[in-house]
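Only one structure is covered here, and it is reproduced in the block below.
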Amino acid sequence: MSLTDLSSVLWRSRELLELLLFKLEEEQLILAAGRNRWLPHATREVEVVLEQMRQTEIARAAYSQDVALELGLSAEASLGELADAAPAPWSELLQQHRKAFLTLTSEISGMAGANRELLTAGQRATRDTMLAFAGNVETYDPQGKTVFGGARRPSLVDEAI
């Protein structure tokens with residue numbers, strides 16, 4: 001196995017990370033638009049990409065290990081260490097891969113966090129609305145403890161809901 005094989009699998013990993021970012025953005029648009037009907041489909045597409053990434057990661061680990069040993073490094077060498085030890089032009093290419101991975105993983109983490117927040121906010125709003133209609137609304141007392149208000153009192157309802 002060679003640096004060519006490693007670079008090929010790194011390109012594939014980058015493509016999958018970009019596809020994952022795209023699928024997460026699709027999921028976010030569905031959540032933001034309130035089109036929850038399509039959420040299971042979007043989630044399934046994210047899971048398919050994650051499975052492809054797992055398979056690619058196995059190949060990447062094998063190629064990385066072989067290249068590390070060829071370069072006289074430990075089998076667990078990082079991509080940065082491989083880039084430092086590789087001859088030109090491979091060194092520059094591996095550094096570019098590393099930089100792209102760092103950028104993409106940062107963007108994916110941010111997008112996944114935003115999606116979690118949208119899901120949580122939607123779930124909380126639905127729960128609060130259902131509790132309001134049931135007359136058992138969760139509120140806070142003066143000490144900040146959670147309490148359920150069982151007494152009905154006048155409330156404003158947005159009919160657009």
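Computed from the coordinates by the stated procedures, all read-outs in this text should not be read as laboratory data. Just so we're clear, the structure is a prediction, and the values are computed from it rather than from any experiment. All Cβ positions, glycine included, derive from the backbone under ideal geometry; neighbour counts span all protein chains shown.
Counted residue by residue at 0.36 nm each, then reduced by the alpha carbon distance between them, the extension gain from Ala62 to Glu26 reaches 9.7 nm.
Dipole check for region 29-130: with +1 at the C-beta of Lys and Arg, -1 at the C-beta of Asp and Glu, and the Cα centre as origin, the magnitude is about 740 Debye. On the basis of the beta-carbon distance and an R0 of 35 Å, Thr43 and Asp84 show a calculated FRET efficiency of 0.35. With a simple spin-label model that places each label point 7 Å from the Cα along the Cα-to-Cβ direction, the separation between Glu70 and Ser2 comes to 0.7 nm.
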